[in-house]
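Enquirer: Sharing a structure, written as structure tokens. Questions coming.
The values are calculated or read from the model by the stated rules, or taken from the named source; none is laboratory data. All of these numbers come straight from a predicted model, not from anything done at the bench. Every residue, glycine among them, receives a Cβ derived from its backbone with ideal geometry; neighbour counts consider all protein chains shown. Each accessible area value is taken on the protein alone, full model and side chains, heavy atoms only, with ligands, DNA and RNA left out. Shrake-Rupley method; radii C 1.70, N 1.55, O 1.52, S 1.80 Å.
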2 protein chains.
Amino acid sequence: MDQLPLYRRLAAHYRAAIETGALAQGDRFPSVRALMGRHEVSLSTAVQLCRQLESDGWLEARPRSGNFVRRPRRLAVRPLAEPIAGQAPDPAQYVGINARVSEFIARGRQAQVKINFSSARSAPALYPAEALKNAATRALRQHPELLVSPPSNNGNATFRNALAKRAMANGMLLAPEEILVTQGCIEALNLALRAITQPGDIVAVESPTFFGLLQVLETLGLRALEIPTSPHSGISLEALQLAIQTTEKIKALVVVPHLQNPLGSIMPDAQKANLVELCRANEIPLIEDDTYSALSNDDTPLKALKAWDRDGNVIHCASLHKVLAPGLRLGWMNAGRWQSRVEMLKYVQSRNNEELAQLAAADFIASSAYDRHLRRLRSCLKTQRARTAEAIARYFPTSTRLSEPAGGLALWVELAPGLSSKALFDAALAEGIFIAPGLMFSNSNRYDGFVRLNCGAPYTPEIDSALQRLGEICNKLPSR
Amino acid sequence: MDQLPLYRRLAAHYRAAIETGALAQGDRFPSVRALMGRHEVSLSTAVQLCRQLESDGWLEARPRSGNFVRRPRRLAVRPLAEPIAGQAPDPAQYVGINARVSEFIARGRQAQVKINFSSARSAPALYPAEALKNAATRALRQHPELLVSPPSNNGNATFRNALAKRAMANGMLLAPEEILVTQGCIEALNLALRAITQPGDIVAVESPTFFGLLQVLETLGLRALEIPTSPHSGISLEALQLAIQTTEKIKALVVVPHLQNPLGSIMPDAQKANLVELCRANEIPLIEDDTYSALSNDDTPLKALKAWDRDGNVIHCASLHKVLAPGLRLGWMNAGRWQSRVEMLKYVQSRNNEELAQLAAADFIASSAYDRHLRRLRSCLKTQRARTAEAIARYFPTSTRLSEPAGGLALWVELAPGLSSKALFDAALAEGIFIAPGLMFSNSNRYDGFVRLNCGAPYTPEIDSALQRLGEICNKLPSR
Ligand SMILES: Cc1ncc(COP(=O)(O)O)c(C=O)c1O
Ligand SMILES: Cc1ncc(COP(=O)(O)O)c(C=O)c1O
């Protein structure tokens, strides 16, 4: 120990003080000047001490406020288990999932929410507000009649052009005219399902799945068939095959191949190829929801399922809402051999999208600023997910398990055995903390032991103490 | 004759020259200076001569080009007849109206259209481009995070406020929170029908009706029951009563009480009250489509059906798309007792509307410029409809009949007996003239003898010659 430089010995001293609790999480750490006085050391030693503690994760520097104590990381939480794929699935009944989801949403809207872990969204600060504002202002100036002229059919040409260019990086060769602009990915999913199904049809989905999709199915009178899905590699092809063999005809399959919501899984390319082929061979239209792929940690673009599509059986649905600008409701789709039907349905349902947002987005997407923005967004989200995971490790019961997504906005948390997400939801909301209970992600009750926590906002002490409260509630809640 | 002032005698001389064809439609009329020389008259006589001819409709002054000859008006075209209301209607079958409408629309999109009489829209020049552009730019400046922040639930508060204020003038007392902002009136109609019907249900509609509505019904799997409708006073309550008594249960009724599309009829207030009561008594949800009421000739706001609604049975759907700005897809609705279901469906179908357009519109609507704009728009449309009606009188076969709407964008033309709108459509499109054939306005073939002509663009020589060509084609087409 004595051979260590002075600042390292001091660091060990302070680390011990934190571990024993003498210095608590959130305490202000002595200033450099105070350290110099207290330990009679040089400026450079005091600075090195702080740097060391910070890089080890025991201190947090807050701009203009000084350094603050962080509690040590515990060992990482256990990852989630793989689902059991070898059982024939029951077609989930029409169980009023929609009423259930809508009730959770409504309760969140009514409550005094202080911390929202429920919505899958990132903070405005993570998006290019200024550049988009300028692009929109420019578009207004360059097209003085924009707001009083009827919008272009199926979308603005420049925007569709920019989208087609970006789609190439994801392995899709689309002409701009093959792209239909929609009100976000959610409208694209509605249109895709309306184009290929009839009320009463069975639609296969991942399990667990994004509750927005379950709402779409329910309001269209469709029945969801839930297919076990791996938190690592996505939908189980084995389970899907079994479902195809054992249940009523599946009229469509909806998957989120990249950063699945809520699991965060990413399908390996080989598996994507097999899925596309399996659907083709069984004449099951495959709807791909690509809302999140641009948010993966890795800057290399992920290949869309559509890239393997040879005969128009894949409907690709995508969105800029979470990637470029939450204030713009911009999505798009290519519906393969259903393209003209989908164009007709879009026109009948909501007419062509307004053009201003499309022009502003086209401008930004075509510039190099877009990739810079994405890299920054990915890295912010990565940090935010890591901080949230640490907090869960620190505050939640040790038997808690956690997803390890390689990107995206959220973590999927398996609560300690016996805990109910509904009970946690109720108790948390009473304190202004809004979470998405696992019950929302299935037509069944099988995910009541899970919650989805959004990590879209920069990590703050308020978020930290909300997570601490959630952990405390988990520790107090009775097991079922 | 000699007792008439000189300028009147000269006017009679020129009128005769025009009537005999010595001076043809579109010829340049001698300048004031030339008239002074030719007839050796004073400046004031020459000016009075021109004024007289102009006010009698024989001359047209074109700014900075001089005066041009107009052919005389013929006697007004005969107005449309009343429908026969006393027959029990057949429930129209599911006859693929949608494929038919979509085919006509697609053919128009593919053709080289030079003159578009088909779409119900006004020219961009009739809308406040500059003011809206400034309002949008201001909104961007005042809300720098607008484009990167999630849009407000159900619509922007300021916008809903402005709408609620305006709705008062139409007899509706709505709290801003009772207004749901939608993607135009078309989305509102979709949501209203989705909220209250199931596939297979019968929905009563006016006959003829707006083809967009027939497309909505078809894509939702609903069956249209067409109720005879008067070109003057709107839907026939007698016929509706008969339908209620004689057909399967009617699950909803959709009406356009003001400036019905395509007839242009306006329901008298007493009849509106009776309709609301009839629907209440028979438990038929009443969907009101109020797309056009702000375009009536009369500046006094028309009373919405919703104004008579006492128990939430009326769903009011409205739009700014044709009234304020064709580049904005802004509609709104109040769904009475289905409000929360409609809010849920809107969220599931397309999420909340973007806010920028709402803020720009709110700004403009709340200013006195809005009423000034509406007055100007109404008067432009009135002139344009009058000029189109004159041209029809001049160029079409004498047995042609015509609607006489007190506002709006379009005229509904009953072709000479035996002429087919389909044949006229084909022949006209071959010459780049795009019309809406009567076939598009019903599930039946009963309006093949009609066409709808849009009058939304300022009258030009090109429009005039297109109408002349239509008249010539009508004169040449074989009778069925
Ligand atoms: C998987 C998935 N698809 C679609 C959507 C909706 O996308 P948008 O906001 O573009 O309509 C979401 C948003 O929560 C999502 O998580
Ligand atoms: C009667 C009627 N309702 C609704 C619409 C659609 O309105 P919006 O453009 O606001 O969706 C139209 C447009 O043609 C119409 O004529």
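Enquirer: Sort the range A:6-71 into rounded, prolate or oblate with this rule: let a ≥ b ≥ c be the square roots of the eigenvalues of the Cα gyration tensor; rounded if a/c is under 1.5, and if a/c is not under 1.5, prolate when a/b is larger than b/c, oblate otherwise.
Expert: Oblate shape, in that a/c is at least 1.5 and b/c is the bigger or equal ratio.
Enquirer: On to the next question. How would A:PHE425, A:PHE450 line up by accessible area, probe 1.4 Å, largest first?
Expert: My answer, sorted largest first, is A:PHE450, A:PHE425.
Enquirer: How large is the convex hull of the Cα atoms of the range A:172-302 per residue, expressed in Å³ as a whole number?
Expert: Considering the Cα atoms of the range A:172-302, their hull volume per residue is 116 Å³.
Enquirer: Right, here's the next one. Using the heavy atoms of the protein chains alone and a 1.4 angstrom probe, what is the accessible area of chain B per residue in square angstrom?
Expert: Normalised by residue count, the accessible surface of chain B is 40 Å².
Enquirer: Report the charge-dipole magnitude of the range B:129-368 in Debye, nearest 20, computed about the Cα centre from +1 at each Lys and Arg Cβ and -1 at each Asp and Glu Cβ.
Expert: 440
Enquirer: Using only C-alpha atoms and all pairs of different ones, pull out the Kirkwood radius for the protein assembly as shown in Å with one decimal. Kindly include the intermediate steps, with their values, before the conclusion.
Expert: Numbers: mean 1/r = 0.0318 Å⁻¹.
In the protein assembly as shown this quantity evaluates to 31.4 Å.
Enquirer: Okay, moving on. Given the options A:ALA273, B:LEU23, A:THR247, identify the residue whose Cα lies farthest towards the positive end of the charge dipole of the protein assembly as shown (+1 on Cβ of Lys, Arg; -1 on Cβ of Asp, Glu).
Expert: Going by the Cα projections, it comes out as B:LEU23.
Enquirer: Give the nm distances, rounded to one decimal, from B:SER42 to the matching residue in every other copy, measuring between label points 7 Å along Cα toward the beta carbon; shortest first.
Expert: From this label point to the equivalent ones elsewhere in the assembly: 11.0 nm.
Enquirer: Sticking with the crude label model, points 7 Å out along Cα→Cβ, report the distance from A:LEU173 to B:THR383 in nm, one decimal please.
Expert: For the pair A:LEU173/B:THR383, the computed spacing is 5.5 nm.
Enquirer: Suppose you put the label 7 Å out from Cα in the Cβ direction; list, shortest first and in nm with one decimal, how far A:LEU4 is from each other copy's label.
Expert: 11.6
Enquirer: Note every residue of the range B:193-225 with a reduction of at least 50 square angstrom in accessible area, all protein chains present versus the isolated chain, computed with a 1.4 Å probe, or write none.
Expert: Output list: B:ARG194, B:THR219.
Enquirer: Does the range B:261-402 come out rounded, prolate or oblate, given a ≥ b ≥ c as the square roots of the eigenvalues of its C-alpha gyration tensor, rounded meaning a/c under 1.5 and, failing that, prolate meaning a/b above b/c? Present the calculation step by step, with values, prior to reporting the outcome.
Expert: Values: a/c = 2.07, a/b = 1.29, b/c = 1.60.
Here the range B:261-402 falls in the oblate category.
Enquirer: With charges set only on the Cβ (+1 for Lys and Arg, -1 for Asp and Glu), what does the dipole of the protein assembly as shown come to about its Cα centre, in debye to the nearest 20?
Expert: Computed charge dipole of the protein assembly as shown: roughly 2120 debye.
Enquirer: Now, a different point. Calculate the dipole size of the range A:356-412 relative to its Cα centre from +1 charges on Lys and Arg beta carbons and -1 charges on Asp and Glu beta carbons; express the result in debye to the nearest 20.
Expert: Numbers: 9 positive and 4 negative charges, 46 e Å.
Dipole magnitude for the range A:356-412 comes out near 220 debye.
Enquirer: Among B:ILE179, A:CYS380, B:LEU470, whose Cα sits farthest toward the positive end of the charge dipole of the protein assembly as shown (+1 at Cβ of Lys/Arg, -1 at Cβ of Asp/Glu, about the Cα centre)?
Expert: Sorting the options by dipole projection puts first A:CYS380.
Enquirer: Residues of the range A:109-128 with accessible area at least 20 Å² lower in the all-protein-chain context than alone (1.4 Å probe)?
Expert: Listed in order, they are A:ARG109, A:ARG121, A:PRO124.
Enquirer: Using a label point 7 Å beyond Cα on the Cα-Cβ vector, give me the inter-copy distances for A:ARG446 in nanometres, one decimal, shortest first.
Expert: Spelled out, the distances from A:ARG446's label point are 5.4 nm.
Enquirer: Related question: Pairs of Cα atoms under 8 Å, at least six residues apart: use those to get the relative contact order of the range A:129-368, whole percent.
Expert: Relative CO of the range A:129-368 lands at 29 percent.
Enquirer: Pick out, from B:TYR395, B:VAL314, A:GLY66, the residue whose Cα sits farthest towards the positive end of the charge dipole of the protein assembly as shown, with +1 on the Cβ of Lys and Arg and -1 on the Cβ of Asp and Glu.
Expert: A:GLY66
Enquirer: Also, quick follow-up: Measure off, as a whole percent, the carbon and sulfur share of the 1.4 Å-probe accessible area of the protein assembly as shown, all protein chains present.
Expert: The computed percentage sits at 51.
Enquirer: Percent relative contact order of the range A:112-209, based on C-alpha pairs within less than 8 angstrom and at least six residues apart?
Expert: Reported as a whole number, the value is 16 percent.
Enquirer: Next up: Using DSSP loop states and a limit of at most 12 other Cβ atoms within 10 Å to flag GluC sites (Glu not before Pro), what is the longest stretch of chain B containing no flagged site?
Expert: Excluding the exposed sites themselves, the longest stretch runs over B:41-247.
Enquirer: Using a 1.4 Å probe on protein heavy atoms only, how many Å² of accessible area do B and A hide from each other, summed over both chains and rounded to 100?
Expert: Adding both sides of the contact gives about 4700 Å².
Enquirer: Something else: Take every DSSP beta bridge whose two residues both sit in the protein assembly as shown, then give the antiparallel share in percent to the nearest 5.
Expert: Bridges in the protein assembly as shown are about 55 percent antiparallel.
Enquirer: Send over the semi-axes of chain B's equivalent ellipsoid, whole angstrom and largest first, taken as the square roots of 5 times the C-alpha gyration tensor eigenvalues.
Expert: With the √(5λ) rule applied to chain B, the semi-axes are 43, 29, 20 Å.
Enquirer: For B:PHE117, what accessible area in Å² do you get when you roll a 1.4 Å probe over the heavy atoms of the protein chains, rounding to the nearest 10?
Expert: 10
Enquirer: Could you tell me the accessible area of B:HIS373 in Å² (1.4 Å probe, neighbours in place), rounded to the nearest ten?
Expert: Approximately 10 Å² for this residue.
Enquirer: Just for chain A, what percent of DSSP beta bridges are antiparallel, to the closest 5?
Expert: Around 55 percent of the beta bridges assigned by DSSP in chain A are antiparallel ones.
Enquirer: Scan around B:GLY407 for amide H atoms under 5 Å from its own, H built in the peptide plane at 1.01 Å from N, and keep only partners 5 or more places away or cross-chain.
Expert: The answer is B:ASN297.
Enquirer: For the range B:344-458, what is the Kirkwood estimate of the hydrodynamic radius, computed as the reciprocal of the mean inverse distance between distinct Cα atoms, to one decimal in Å? Kindly include the intermediate steps, with their values, before the conclusion.
Expert: Numbers: mean 1/r = 0.0586 Å⁻¹.
After inverting the mean inverse Cα-Cα distance, the result is 17.1 Å.
Enquirer: Next question, about the same structure. Kindly identify residues of the range B:301-340 having a loss of at least 50 Å² in accessible area between the isolated chain and the assembly of all protein chains, probe radius 1.4 Å.
Expert: Residues shielded by partner chains are B:GLY327, B:ARG329.
Enquirer: I would also like to ask the following. Given the DSSP H assignment, sum -39500 (n - 2.57) over each helix run of at least 4 residues in chain B and divide by its residue total; what's the result at 222 nm in deg cm²/dmol, nearest 500? Walk me through the numbers before you get to the answer.
Expert: Numbers: 15 runs with 197 residues, N = 480.
After summing the helix terms and dividing by residue count, I get -13000 deg cm²/dmol.
Enquirer: Still on this structure, please answer the following. How far apart, in nm, are two points set 7 Å out from the Cα along the Cα-to-Cβ line at A:GLU40 and at B:THR246?
Expert: 11.1
Enquirer: Hey, another quick one. Give the lysines whose C-alpha is closer than 19 Å to that of B:LYS306, dropping any in the same chain fewer than 8 places away, or say none.
Expert: B:LYS165, B:LYS251, B:LYS272
Enquirer: Additional query: Which whole-Hz couplings ³J(HN,Hα) result when phi for each residue of the range A:350-367 is put into the Karplus expression 6.51 cos²θ - 1.76 cosθ + 1.60, θ = phi - 60°, listed in order with x for Gly and Pro?
Expert: Couplings: 8, 6, 5, 4, 4, 9, 4, 4, 5, 5, 4, 5, 4, 4, 5, 4, 6, 8 Hz.
Enquirer: In the range B:238-324, which trypsin sites (Lys or Arg not before Pro) are in a loop and have at most 16 other Cβ atoms within 10 Å, using DSSP for the loop call?
Expert: B:LYS249, B:ARG310
Enquirer: At a probe size of 1.4 Å, how large is the accessible area of A:PHE364, to the nearest 10 Å²?
Expert: Surface open to solvent at A:PHE364 totals about 10 Å².
Enquirer: Find the relative contact order for the range B:203-335 and round it to a whole percent, using C-alpha pairs within less than 8 Å whose residues are 6+ positions apart.
Expert: Values: 217 pairs, mean separation 25.8, N = 133.
Relative contact order here is 19 percent.
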